[in-house]
Structure formats: structure tokens, C-alpha cells
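Structure first, then comments.
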Amino acid sequence: MEWKDKIDSFKQIDVRGIQGYFFQGIKKQATRLPAENGLEIIQSFDPIPLYEVMEGLGYEHFTEQKGPAEFHAYFYRAEVKRETKDIPMRPAALTNMPLIDENLGNIAVSFWDLTWNEENRHLPPMRSGCSSL
């Protein structure tokens with residue numbers, strides 16, 4: 001049986017409308033979940049910032065858009081891995097964007113993905129110190 005056939009049994013966490021930086025709570029639950037179990041995260045935008053972090057914990061994922069501002073991200077823990085990456089602080093503000101404007105939330109997530117995602121990086125990594133001109 002493929003894990004996508006089991007999504008009805010996944011614990012559902014609806015974070016639409018929650019203000020603040022709630023990722024640590026999701027991460028805590030994801031870390032405690034044993035292999036061969038899953039989480040369903042409902043958000044008002046495609047939760048791109050979660051994907052890499054959850055993969056680092058041993059999760060596979062797929063996302064369905066069920067409405068203009070309703071995304072269901074399904075995370076299945078194929079194996080238990082220790083975390084190696086954390087979500088950068090940059091996306092913390094993204095969680096409140098859809099509360100202000102749904103379109104702005106989608107634009108902000110897409111911008112974050114294009115500028116900071118390791119695979120699609122368009123900006124060089126941030127470095128400490130000053131650069132000479």
C-alpha cells in the first residue's frame with residue numbers, strides 16, 4: 001500500500017488564521033511522530049518553507065490545493081532522521097501575510113522560494129562581515 005492511501009489517518013493541523021511563529025510546535029510534533037505515520041498541515045498558502053525541514057526529519061510530502069486559499073500538505077515519515085536543518089527566520093513573517101492579504105501571502109512565499117531555496121537560489125548566500133567595493 002502506498003502511503004498516500006493512508007492520508008485520512010494523518011493527524012490534521014490547521015494553521016490558517018494562526019498568528020505568530022507556530023513552526024516550532026509543528027516541528028515538535030513531527031519530531032515525535034514514529035516512522036510510517038503522517039501529518040496533514042492545512043495552510044492558506046503553499047507551505048514551501050516546511051518542505052526542506054520536514055525532509056530533513058525523514059518525511060516525504062505532497063500538497064494539494066483545495067481552494068483559492070486552502071492548501072493541504074501531507075507529510076509521511078518514511079524514516080526517522082535527526083534534524084540537520086532548521087527553517088530560517090526569514091519565513092517567520094510569511095505566516096502572517098495571508099491574514100493581511102491572501103495574494104500577498106502567495107507572493108511572499110514564492111519570493112522566498114525563489115531567493116532562498118537552496119535548489120533555486122537566485123541571491124548569493126548571506127555572509128557575515130563587510131565586503132569591499
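So I26 fits all but one of (1) part of a strand (DSSP E or B); (2) of a type outside the set (S, T, N, Q); (3) touching a residue at least 24 places away in the same chain (Cβ under 8 Å); what number is the exception?
(1)
Residue pairs, Cβ under 6 Å, 6 or more apart or interchain, first in the range 58-73 and at positive phi, second surrounded by 16 or more Cβ atoms within 10 Å (Cβ to Cβ) and assigned to a strand (DSSP E or B). List them.
Pairs found: G58/R77.
Could you list, in sequence order, all residues of the range 38-80 that are assigned to a loop (DSSP other than H, G, I, E, B) and loosely packed, with under 15 Cβ neighbours inside 10 Å? Step through it out loud before you land on a result.
Looking only at the range 38-80, we keep the residues that are assigned to a loop (DSSP other than H, G, I, E, B), and these are 44-47, 57-58, 68-69, 78-80.
Of everything in the range 38-80, those that are assigned to a loop (DSSP other than H, G, I, E, B) and loosely packed, with under 15 Cβ neighbours inside 10 Å turn out to be P68, A78, E79, V80.
Values in this text are rule-based calculations from the coordinates and carry no lab data. Fair warning: this is a prediction, and the values are worked out from it, not measured in the lab. Note that each Cβ is placed from the backbone with ideal geometry, even for glycine, and that neighbours are counted across all protein chains shown.
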